[in-house]
Amino acid sequence: MGRAFEFRKARKLKRWGNMAKTFTRLGKQIAIAVAEGGPEPENNSRLRAIIATCKHENMPKDNIERAIKNAVGKDKNSWKTMTYEGYGPHGIAVFVDTLTDNTTRTVADVRSIFNKFSGTLGTMGSLAYLFDHYAQFTFKKKDGLDMDDMILELIDFGVNDEYDEEEDEENGETTITIYGDPKSFAQIQKYLEDGGFEITAAEFTYVPNDLKEVTDEQRETIEKMIEKLEEFDDVQNVYTNMK
């Protein structure tokens, strides 16, 4: 367990707001997956991964099936994945992942929040050196699992030797989160599925390679900015390098 775990805990990475917003976000991801690989989960690895996340987020089965049905026949080019980056208050780097059918609207919304908090929206790629991009998988841990052996087997897929292990006190289950090369998303997913592991979440993520200290007062301001960004339906994730 290393900096990725520290970042995820400190930043509260999965703050999706209310349930309706969560389902809207996941519905968009389903639409993209169906447009790219078809509506059959058994033939569409990306769709399978998103459905696993939907179940983990308690998205009703009817909602999932409706989202798949509505996505059939839609043009994948109507949706664009865009990442906006810049500096927020107190020099904190901010990455904003979006999925949108109107980039003009989305960039205007994102820029308005940066401006409101005296931040600066930069050009795409200008802050890429501050973050590492990963394919992130969370799965239920099996009894007797040797993580060193697993990481060794996954080394060809660029999987990091640092991983998160978290126990759910309510059900006693332990989950493992691993981070690998984004280009190896499909291969990592296949390894886990072939090994009989139950995947509870699969996505792409950014992890800062250097965390910046802030005061409690500064943290409060930055958190307010993040909350405002997350209110937009187009926003999928917000990442910072705030410790």
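Consider only pairs whose beta carbons are under 6 Å apart and that are at least six residues apart or on different chains; among these, list those whose first residue lies in segment 126-150 and is farther than 22 Å from N171 by Cβ and whose second residue is part of a loop (DSSP other than H, G, I, E, B).
If the second residue must be part of a loop (DSSP other than H, G, I, E, B), the pairs left are L130/N241; D132/N209.
E220: of a type in the set (D, E, K, R) and at pLDDT below 95, yes or no?
No.
If D148 passes every condition in (1) closer than 30 Å to E198 by Cα; (2) within 23 Å of the chain's Cα centre (by Cα) but one, which one does it miss?
Failed condition: (2).
Quick one: which residue in E170, E165, E203 is touching a residue at least 40 places away in the same chain (Cβ under 8 Å) and farther than 20 Å from V96 by Cβ?
Sole residue among the options that is touching a residue at least 40 places away in the same chain (Cβ under 8 Å) and farther than 20 Å from V96 by Cβ: E165.
Which of the residues belonging to segment 91-111 are more than 27 Å from L211 (Cα to Cα), modelled with pLDDT of 95 or more and within 19 Å of the chain's Cα centre (by Cα)?
If the condition is that a residue be more than 27 Å from L211 (Cα to Cα), modelled with pLDDT of 95 or more and within 19 Å of the chain's Cα centre (by Cα), then T106 is the only one that fits.
So which residues in segment 191-221 are charged (D, E, K, R), within 22 Å of I113 (Cα to Cα) and touching a helix residue (DSSP H, G or I) at 6+ places or on another chain (Cβ under 8 Å)?
K212
Pick out the one residue from A35, A67 that is closer than 21 Å to P182 by Cβ, surrounded by 13 or more Cβ atoms within 10 Å (Cβ to Cβ) and outside the structural domain of T103 (by TED's automatic domain parsing).
Step by step, each of A35, A67 is checked, and only A35 is closer than 21 Å to P182 by Cβ, surrounded by 13 or more Cβ atoms within 10 Å (Cβ to Cβ) and outside the structural domain of T103 (by TED's automatic domain parsing).
Any idea how many residues of segment 134-144 are of a type outside the set (S, T, Y) and crowded, with 16+ Cβ neighbours inside 10 Å?
Residues meeting the conditions: 5.
Go through the residues of segment 97-104 one by one and say whether even a single one is among the charged types (D, E, K, R), closer than 17 Å to A35 by Cβ and outside the structural domain of T22 (by TED's automatic domain parsing).
yes
E166 passes all but one of (1) touching a strand residue (DSSP E or B) at 6+ places or on another chain (Cβ under 9 Å); (2) assigned by TED's automatic domain parsing to the domain that holds K141; (3) modelled with pLDDT of 95 or more; which number fails?
Every listed condition holds for E166 apart from (3).
Kindly establish whether A186 is buried (at least 19 other Cβ atoms within 10 Å of the Cβ) and either over 30 Å from L99 (Cα atoms) or modelled with pLDDT under 95 (or both).
It is false that A186 is buried (at least 19 other Cβ atoms within 10 Å of the Cβ) and either over 30 Å from L99 (Cα atoms) or modelled with pLDDT under 95 (or both).
The values are calculated or read from the model by the stated rules, or taken from the named source; none is laboratory data. These numbers come from a predicted model, not from an experiment. Positions of Cβ are generated from backbone atoms using ideal geometry, with glycine treated the same way; all protein chains shown enter the neighbour counts.
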